[in-house]
Amino acid sequence: MIAETDTSRRNRRIIHRTALTTAAFALLLIAIGGLVTSRDAGLSVPDWPLAYGQLNPPHWWQIENVRTEHGHRIVAFCVACLTAWLGWIIYHKEPRPWVRRLGAAAAALVLLQALLGGLRVLALSLDLAMIHGWLGQMYFATLAALATVTSPLWMESESAAGFELGKRSAGLTGLLSLFVVFQLVLGIIIRHLGGDARPLLSNPVFHLHVALALSICWLALETRSEVLASTAPTPLRSRANVLLALLLLQMALGLASLAVTEYMVYDRQATFLESWLPTAHVATGAAMLGVSISLCLYAWQGQKKARADIGRTPVKAS
């Protein structure tokens, strides 16, 4: 029995570390994908799945846009391999059926994401490019969920003692995650429309983007207050503080991106700031989504346990 327990702990540790590694590489992939959009490099390699008819075209690293797009494909291949490995070890070593289904969903999403990326190139479709960008965020959110539910802290939350993040935390984090997803959708639309969306200050989509940003600010502040006032352990309190730090960084990057791209010229290569500020804005938004998803899962887990405890409480006879 002790050997089985030790094996189970070792398996959980392997799964969790693999999920964390895959999520980290997926976040890097989102950042590189954002750079592809910032530099308008998505069609710099006109064929797929090969690149100019080869696996690695000669001197591809010497041309900036080709280096950006082909590098994106190389990292995407690595992420797909990591996801396949993660799905395999979850299927063989994870006893919880719903976690196995989540692992299968991650594997399916990365395959669909790769297919959409290829079709976007072959069909020259801006719509597919936007769907590709959104699906990448959903794939990362799935990996963030897997990293959360395979962690030692999650196992502690499932124990008899458990912990709560506050009575309002489930609703707050659920809304926060939903609003961040909508915000990412609006950001994807604005970025892919490029010059057609300018000037942003007179664009209704941008106005909605700003309104959602203010709503997210309020939800993030309320979530942090709720978590810090609860019995949540230190790692979750730190996560709430990280959420606030990401929010402040995201607001600063958003303002800086607006300043450098509002009147940029789109018939030339983007400058360093025009490329990297919006890219950092995209990556920080993805990180916010991952943290909010993690807090949401813990909040719902705590609420579920609280309801179960109420159901087990004996009723005193009058």
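The values are calculated or read from the model by the stated rules, or taken from the named source; none is laboratory data. Since the structure is predicted, the reported quantities are computational estimates derived from the model, not experimental observations. Here the Cβ positions follow ideal geometry from the backbone for every residue, glycine too, while neighbour counts run over all protein chains shown. The accessibility values were calculated without ligands, DNA or RNA, using every heavy atom of the protein model including side chains. Shrake-Rupley method; radii C 1.70, N 1.55, O 1.52, S 1.80 Å.
Contact map, the range 225-253: residues that are of a type in the set (D, E, K, R) paired with residues that are open to solvent by 30 Å² or more (accessible area, probe 1.4 Å) and assigned to a helix (DSSP H, G or I), Cβ distance under 7 Å, separation 6+ or inter-chain. Pairs shown: ARG237/LEU228. Could you tell me whether the range 105-119 includes any residue that is surrounded by 18 or more Cβ atoms within 10 Å (Cβ to Cβ), β-branched (Val, Ile, Thr) and either closer than 30 Å to LEU228 by Cβ or in contact with a His (Cβ under 8 Å, 6 or more places away or on another chain) (or both)? Within the range 105-119, none of the residues are surrounded by 18 or more Cβ atoms within 10 Å (Cβ to Cβ), β-branched (Val, Ile, Thr) and either closer than 30 Å to LEU228 by Cβ or in contact with a His (Cβ under 8 Å, 6 or more places away or on another chain) (or both). Scanning the range 32-81 for residues that are surrounded by fewer than 21 Cβ atoms within 10 Å (Cβ to Cβ) and small (Gly, Ala, Ser), we see that the one that is nearest to SER125 (Cα to Cα) is SER44. Which one is farthest from ALA197 (Cα to Cα) among residues in the range 254-282 that are part of a loop (DSSP other than H, G, I, E, B) and open to solvent by less than 40 Å² (accessible area, probe 1.4 Å)? Per the stated criteria, the residue is ALA270. Since VAL205 meets every condition but one in (1) modelled with pLDDT of 95 or more; (2) under 23 Å from LEU295 (Cα atoms); (3) not aromatic (Phe, Trp, Tyr), which condition does it not meet? The failed condition is (2). Taking each residue of the range 191-218 that is over 30 Å from SER169 (Cβ atoms) and looking for partners that are small (Gly, Ala, Ser) and open to solvent by 70 Å² or more (accessible area, probe 1.4 Å) with beta-carbon atoms closer than 9 Å, six or more apart or interchain, yields nothing.
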